[in-house]
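Heads up: the structure comes next, in structure tokens.
The values are calculated or read from the model by the stated rules, or taken from the named source; none is laboratory data. Small disclaimer: the values here were computed from a predicted structure and weren't measured. Quick reminder, even Gly has a Cβ in these numbers, built from the backbone with ideal geometry, and neighbours come from all protein chains shown.
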Amino acid sequence: MSMRTFLTMAAGASALMAVVVATPAFADDGKLEELKAQGFARVAIANEPPFTAVAADGKVSGAAPDVAREVFKRLGVADIVASISEYGAMIPGLQAGRHDVITAGLFMKPERCAAVVYSEPILCDAEAFALKKGNPLKLQSYKDIADNPDAKIGAPGGGTEEKLALEAGVPRDRVIVVPDGQSGLKMLQDGRIDVYSLPVLSINDLVSKASDPNIEVVAPVVGAPVYCDGAAFRKGDEALRDAFDVELAKMKQSGDFAKIIEPYGFSAAAAMSTSREKLCAAQ
């Protein structure tokens, strides 16, 4: 299924969205009261536009932090303070208390859903490859990389793309952990890897900014699923997550959610067409 087909289906499914937005009584709102008193929530991000971004002046933006900032504002928490983290370090950092929430395009997976408590879906995307012009190794899927003994792939450490490559059978020594998008693109340009993989929107943003005519994009990756993220909270902070979900549902229903994420290229209908329960159960 192409990303366009998926989003078209999602738009139709969004008509089914009917959310009760009355604020429930939360069993334990201690964490929320703590954040209100603190004046900000500490969020983990990855600096991977358009999911997350950090400007030269340090200002945090991107679709995920912008949604979180607005939700927390409605909950009485004035702002967010972000720290950049590799995907593989985000959940351990959350569990260790270094972050209050992860807002970074951390896609829902059963194993992640077992480790954290997610909000309802926020951002949905598919997978993409950046390659040399002409795609000389004819790589359309992670299996293609596994089947070619000469092909090396770069991917964020602990991210979905690394996991998909390994699950497809790419040997560990041909899956190169890359710290950030700019490093991945440079490694591709220098011939140290043959393909760099990120979500479609992230790859398109990276390649567009590079303006390198020798790089092209393959999207969506054949056989790779479409994923959605959510804000991820520490287990034990379910009341904070539930409060977040209430405001998120109000924003989805009012159209404010779409106004935040769609300028970044994401589909509000896609996020509204599925649920945390479905995504956490998906294989």
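Of note:
- Check on A269, touching a residue at least 12 places away in the same chain (Cβ under 8 Å) and surrounded by fewer than 17 Cβ atoms within 10 Å (Cβ to Cβ): no
- Figure legend. Inter-residue proximity from the stretch 196-207: first residues modelled with pLDDT of 95 or more, second residues part of a helix (DSSP H, G or I), beta-carbon distance below 6 Å, spacing 6+ or different chains. Indicated pairs: Y196/G184; Y196/L188; S197/E161.
- Look at (1) more than 12 Å from D194 (Cα to Cα); (2) surrounded by fewer than 24 Cβ atoms within 10 Å (Cβ to Cβ) and you find that V178 fails only one, number (2).
- Residue in the stretch 195-210 that is small (G, A, S), over 27 Å from A130 (Cβ atoms) and crowded, with 18+ Cβ neighbours inside 10 Å present: no
- Residues of the stretch 180-211 classified as among the hydrophobic types (A, V, I, L, M, F, W, C) and not in a helix (DSSP H, G or I), total: 3
- Residue match in the stretch 145-152 (condition: of a type in the set (D, E) and buried (at least 18 other Cβ atoms within 10 Å of the Cβ)): no
- Among the residues of the stretch 232-283, the one identified as farther than 28 Å from R98 by Cα and of a type in the set (V, I, T) is T274.
- Considering the conditions (1) over 28 Å from P92 (Cβ atoms); (2) in contact with a helix residue (DSSP H, G or I) (Cβ under 6 Å, 6 or more places away or on another chain), L137 is excluded by exactly one of them, (2).
- Among the conditions (1) under 18 Å from A126 (Cα atoms); (2) surrounded by fewer than 24 Cβ atoms within 10 Å (Cβ to Cβ); (3) touching a residue at least 12 places away in the same chain (Cβ under 8 Å), the only one that M187 does not satisfy is (1).
- For the stretch 224-238, the set of residues classified as surrounded by fewer than 19 Cβ atoms within 10 Å (Cβ to Cβ), of a type outside the set (K, R) and modelled with pLDDT of 95 or more consists of G236, E238, listed by residue number.
- Contacts under 6 angstrom Cβ, first residue in the stretch 55-70 being more than 15 Å from F266 (Cβ to Cβ), partner among the acidic types (D, E) and surrounded by 17 or more Cβ atoms within 10 Å (Cβ to Cβ), 6 or more apart: none
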